[in-house]
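To start, the structure itself, in structure tokens.
The values are calculated or read from the model by the stated rules, or taken from the named source; none is laboratory data. A quick note: this is a predicted structure, and the numbers were derived from the prediction, not measured. All Cβ positions, even for glycine, are placed from backbone atoms using ideal geometry, and neighbour counts span all protein chains on display.
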Amino acid sequence: MTSAFPHPVPPYPGWERHIYRLSRPVSDDDIAVFLGNEELYIRDTPSGPVTIIHKYGLLEIHCISGEPEVEVWYDPKKESYSSEYLDALLKTRFT
């Protein structure tokens, strides 16, 4: 199976990438909840428009509505904080 994110572009030098498979496809409602009151960024890619959600300098989450996975970038120096935060965030919508 190929990823919905075949063209990785790190948001910052040295950040690491992980693809997370979800229990169901991402919806526009999921994106709105993850976004909260953060500013919406959309990048056009060969795979379609990618919604980019920045989370407090810990994570950058890339979502494509209708895809059952997200691409997550994080600073490896803050991996434990980023991992805990991402786990909690995903559990609010995908358990």
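Has the stretch 82-94 got any residue that is of a type outside the set (A, V, I, L, M, F, W, C), in contact (Cβ under 8 Å) with a residue 24 or more places away in the chain and in contact with a His (Cβ under 9 Å, 6 or more places away or on another chain)? First the steps, then the outcome.
The first filter runs over the stretch 82-94 and keeps only residues of a type outside the set (A, V, I, L, M, F, W, C), leaving 82-85, 87, 91-93.
Restricting the remaining residues to those that are in contact (Cβ under 8 Å) with a residue 24 or more places away in the chain gives 82, 85, 92-93.
Imposing the further condition that a residue be in contact with a His (Cβ under 9 Å, 6 or more places away or on another chain) reduces the set to none.
No; the residues of the stretch 82-94 include none that is of a type outside the set (A, V, I, L, M, F, W, C), in contact (Cβ under 8 Å) with a residue 24 or more places away in the chain and in contact with a His (Cβ under 9 Å, 6 or more places away or on another chain).
Scan the stretch 20-33 and tell me whether some residue there is within 20 Å of Asp75 (Cα to Cα) and either assigned to a loop (DSSP other than H, G, I, E, B) or hydrophobic (A, V, I, L, M, F, W, C) (or both).
No: the stretch 20-33 contains no residue that is within 20 Å of Asp75 (Cα to Cα) and either assigned to a loop (DSSP other than H, G, I, E, B) or hydrophobic (A, V, I, L, M, F, W, C) (or both).
Which one is farthest from the chain's Cα centre (by Cα), of the residues in the stretch 1-19 that are over 19 Å from Gly48 (Cα atoms) and touching a residue at least 60 places away in the same chain (Cβ under 8 Å)?
That would be Gly14.
Of all residues in the stretch 37-95, count the ones that are among the polar types (S, T, N, Q), surrounded by 16 or more Cβ atoms within 10 Å (Cβ to Cβ) and modelled with pLDDT of 90 or more.
1
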